[in-house]
Amino acid sequence: MSCQIARLVPQGRVIGIDADPDLLAQARATATQQGLEHIETIQAWAHDIDLPDNSIDFCYGRFLLQHVPDPGAIASEMRRITRPGGMIMLLDTDDGALIVHPKPEGLDTLLAASQRSQAAMGGDRHIGRKLRQVCVEAGLEEVDLRLVPFTSDMVGMHVFVDIALGYKRQIIDPADMGTEEIQDVINRLLLLATDPRAFAHTMAYVATARSPLS
């Protein structure tokens, strides 16, 4: 994502932040390959970023808050490093917007298991609907929350299942739902690719806000 943003601001300065050094190394390699010399990286957790107060014009968090126990702490840190009047954007998802028709047997069980596992790790599979609350409680202003649809008609059922449901296979506790049971549900979802009646959709929740002027 840093490379995409960097192409939009060729005269600017782009800083990619992640706690995983391997992901940062990949980002630096990609930036080098694409000749994007104005990208920097910082290894940090999102609630404790080694940047000065009021030093950023635009701060962006993508599919981040669903994984953390305290989304407000991250929104507050984003506010701290963003200059007064600067923009903050948070992009995330919400399982409540995930619909598959015809609904395959076991889908509700898979979704519930993924929600329990995410919660056990401190995350929230329903964070999308809460983004406005997170921004307001962090003291951000001009909060606007919009929905962007993502459907099987856009990308095909196989790609939709991989993007919208693939991650859930990685987080579900095997003691809660067995690997074979999970795969059976995924296989039933993939079979919908051959059903001309089938349709699936979810939503990206995009919150924009501004750091207060005072």
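The values are calculated or read from the model by the stated rules, or taken from the named source; none is laboratory data. Everything numeric here is computed off the predicted structure, so don't read it as measured data. Positions of Cβ are generated from backbone atoms using ideal geometry, with glycine treated the same way; all protein chains shown enter the neighbour counts. These accessible areas exclude ligands, DNA and RNA; they are computed on the full protein's heavy atoms, side chains included. Shrake-Rupley method; radii C 1.70, N 1.55, O 1.52, S 1.80 Å.
Once a ≥ b ≥ c are taken as the square roots of the eigenvalues of the Cα gyration tensor of the stretch 86-184, is the result rounded (a/c under 1.5), prolate (a/b larger than b/c) or oblate (a/b not larger than b/c)?
oblate
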Express as a percent, rounded to the nearest 5, the fraction of DSSP beta bridges in the chain (both residues included) that run antiparallel. 65 percent
For a distance above 13 Å, tell me the whole-number percent of Cα pairs in the stretch 1-59 that qualify. 60 percent
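Highest first, please rank the peptides 88-94, 154-160, 50-56 by the mean number of other Cβ atoms sitting within 10 Å of their residues.
88-94, 154-160, 50-56
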Under a Cβ-only charge scheme (Lys and Arg +1, Asp and Glu -1), can you give me the dipole magnitude of the chain about the Cα centre, in debye to the nearest 20? 540 debye
Report the one residue of 183, 34, 214 whose Cα lies farthest in the direction of the positive end of the charge dipole of the chain (charges on C-beta: Lys and Arg +1, Asp and Glu -1; origin at the Cα centre). 214
For the chain, calculated [θ]222 nm from helices alone, where every DSSP H run of n ≥ 4 adds -39500 (n - 2.57): -11500 deg cm²/dmol
Helix 157-171 versus the longest principal axis of the chain: what is the Cα-based angle in degrees, 0 to 90, to the nearest 10? 80 degrees
With a 1.4 Å probe and all protein chains left in place, how much accessible area per residue does the stretch 112-166 have, in Å²? 53 Å²
Calculate the all-directions average of the projected area of the chain's alpha-carbon convex hull, and give it in nm². 12.9 nm²
Relative contact order [Cα under 8 Å, 6+ residues apart], the stretch 1-120, whole percent: 20 percent
How far, in nm, would the chain grow between residue 148 and residue 29 when pulled straight, counting 0.36 nm per residue and subtracting the alpha carbon separation? 39.8 nm
For the chain, averaging the sequence separation of alpha carbon pairs under 8 Å that lie six or more residues apart and dividing by its residue count, the contact order in percent is 25 percent
Percent of accessible area on the chain owned by carbon and sulfur, 1.4 Å probe? 52 percent
